Amino acid sequence: MDEKLLASPKAVRDFLVYMETIKGKSPGTVREYENDLRTFFRFIKQMRGSVPRDTPFDEIAIDDVDIPFLASITLADIYEYLNYITNERKNRAASRARKVSSLRSFYKYLCERAGILQENPTRDLEAPKQKKSLPKYLTLEESMEVLRDIDGKFAARDYCIMTLFLNCGMRLSELVGLNLSDIRNSTMTVTGKGNKQRTIYLNEACLQALERYLAVRAKDSVKDRDALFLSNRLQRISPKTVQAIVYKYLERAGLSGRGLSVHKLRHTAATLLYQHGHVDVRVLQEILGHENLSTTEIYTHLSDRQLQDAVNRSPLAHFSGQKAPRDKEKPEDK
């Protein structure tokens, strides 16, 4: 078990085990919960003067946090904490919202699952409002340009990776975790967040890219024989390597300065499917593996914006043929 986790209170350790084994949260998400709760408890102890004033924040021990301590937390304490992470730690709205979610989940577990507490201080806690922005994505032409520029020793592998990203909207972790055994004829089984599996149907471009890659994929001395994508060391390709591949070809296409990333290829796939493939939003939800439809609906707003932009680009958008009205002529004096 992680050394930091061992230094956490038992209630926290039990909560994290519950979130991973029962709720199916990914290890990364569980670590975020643990870090968020650790920061919160350290702040509370510091605020209450429970530790010497000169104790470095990251060295404040929390293994002594017990049930009475947890029960003593109030909504006012949490608001003080949110003020601290906003002004002192400069957390953005998204980070603050995640920390609020961690606290809500933790106290919900304590009250409703573990039965440790009766009062939930997060019951009336509001999440910080986040500015909703449309995701960045590649246009159809830019996507094709990126695919055209792929070459080199690992061209077949890199082309297949980029094709799957741009056609199927996979997450980085999903692509890295793909196995040969996940491919069945024209379908592929993908393991997403919370170890939830979904089936992706492969189109002609994906099938051709896979066929070309598998024809040259190494078969001897492979350390992970079932891994679909291999590194030059003949082991399962790492997320870092895939990121480097994506950045390489985005930069080659002159797109590196737009804040694009691996995850933006997922946004691109979703946008192209909705705008050019006329895919229903609920079908798109299944393809992307979104738990909530509201997460998918952001792509419908992209189309609304494009409609407005198209009207604004009309050659007559700023033309008015109507003459300015003139004052009515005064009747001549007779």
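The values are calculated or read from the model by the stated rules, or taken from the named source; none is laboratory data. Small disclaimer: the values here were computed from a predicted structure and weren't measured. Glycine also receives a Cβ, built like all others from the backbone with ideal geometry; neighbour counts cover every protein chain displayed.
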Of those in segment 199-209 that are in contact with a strand residue (DSSP E or B) (Cβ under 7 Å, 6 or more places away or on another chain) and surrounded by 15 or more Cβ atoms within 10 Å (Cβ to Cβ), the residue nearest to LEU178 (Cα to Cα) is ILE200
Could you list, in sequence order, the residues of segment 164-199 that are assigned to a helix (DSSP H, G or I) and either modelled with pLDDT under 90 or more than 15 Å from ILE237 (Cβ to Cβ) (or both)? LEU166, ASN167, CYS168, SER181, LYS193, GLY194, ASN195
Cβ pairs under 8 Å, 6+ apart, first in segment 20-32 and touching a residue at least 12 places away in the same chain (Cβ under 8 Å), second hydrophobic (A, V, I, L, M, F, W, C) and buried (at least 16 other Cβ atoms within 10 Å of the Cβ): LYS25/MET19; THR29/MET19; VAL30/LEU16; VAL30/MET19
When restricted to ALA94, ALA127, the only residue within 17 Å of the chain's Cα centre (by Cα), among the aliphatic types (A, V, I, L, M) and at pLDDT below 85 is ALA94
Of everything in segment 42-54, what is in a helix (DSSP H, G or I) and more than 26 Å from GLU126 (Cα to Cα)? Give them in sequence order. none
Residues in segment 74-112 that are loosely packed, with under 13 Cβ neighbours inside 10 Å, of a type in the set (Ser, Thr, Tyr) and in a helix (DSSP H, G or I): how many? 1
Among the residues of segment 55-73, which ones are over 9 Å from ARG42 (Cα atoms), of a type in the set (A, V, I, L, M) and not in a helix (DSSP H, G or I)? VAL65, ILE73
Tell me, please, whether a residue that is outside any loop (DSSP other than H, G, I, E, B) and in contact with a strand residue (DSSP E or B) (Cβ under 8 Å, 6 or more places away or on another chain) can be found in segment 236-259. yes
Of the residues ASP224, ASP220, which is loosely packed, with under 12 Cβ neighbours inside 10 Å and within 25 Å of ASN179 (Cβ to Cβ)? ASP220
If you scan segment 21-41, which residues turn out to be outside any helix (DSSP H, G or I), of a type outside the set (Val, Ile, Thr) and under 17 Å from LYS108 (Cβ atoms)? LYS23, GLY24, LYS25
